[in-house]
Amino acid sequence: MASAPLSHSASMSIEELKELLDVMEASYPFQDTRSGHTSSFDAFAYTAMQAILPMSFSLLANIDDVVKLQFKDVGYAPGGLPPRFQPFFSITLAGREQVIFFLNGSFGLSNLHQITEEEVLHELNVQLFLCHRWLPYAFSLNAKMAPQDFVFPSMSGGTDTLDWSRPMPCDYLQQMLDKLATLCRIPKKFGMSSPRIGGAKYRLLNAPSEEKWRPNVVMLWTGWTRDEVECCISTP
């Protein structure tokens, strides 16, 4: 089951998430997916973070869980499935239900019937989810993608050569978060669970009324207990 939000990580609000993404986009514009080239691992990693942070925030998943995604965990169905027949791609996180993302911006769990459709099929108000850009870019860099390859790879031996057999290291991602918070002058210590906590608080407290989630919905989505949800709400 998903891990608890009880950690030393601060909550990352949607406004702070947007600030971090703006800084990354300004410093490392999303690279041309047609080129199949990356100039440096830093440029590659900051480009990856433009997908990782919104995924963590939207899926209520820790960053270190997002970067463990392998290509076997990601599916794409351009023709869709009945009765909606909308193109979608799916993501399966370890210990979680499969999440289906429809290309109109909404998403839902595939087998979580305890939640009403209105509560799980909602517009991604964040409008920051970049996986539909990231995946084509990753495929352009690794044309011989294997199912066990990681969606967000590491580098090989301290060089700028990508190593698709290992996920992007969490200590490197933490260094990036620290640098981004400093650049944005955000006086918080963000960690691997910060976007997850922030995403949960957004759904519980700050989302438009039609997009808010009840505590039991967050509990079902994350695997948290009610006490852990309360802890999340009180995290600054």
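General observations
- Virtual spin-label span in nm between Met145 and Cys184, 7 Å along Cα→Cβ: 2.7
- Per-pair calculated FRET efficiency, R0 = 45 Å: Asn206 and Ser156 via Cβ, rounded to 0.05: 0.65
- Nearest-0.05 FRET efficiency for Asn216 and Ala26, computed from C-beta distance (R0 35 Å): 0.30
- Distance in nm between pseudo-label sites at Ser40 and Gln175 (7 Å out along the Cβ direction from Cα): 1.2
Quick note: the coordinates plus some simple rules give every number you see, no bench work behind them. Keep in mind the model is a prediction, meaning the values are calculated, not measured. Using ideal geometry, Cβ is built from the backbone for each residue, glycine included, and neighbour counts are taken over all protein chains shown.
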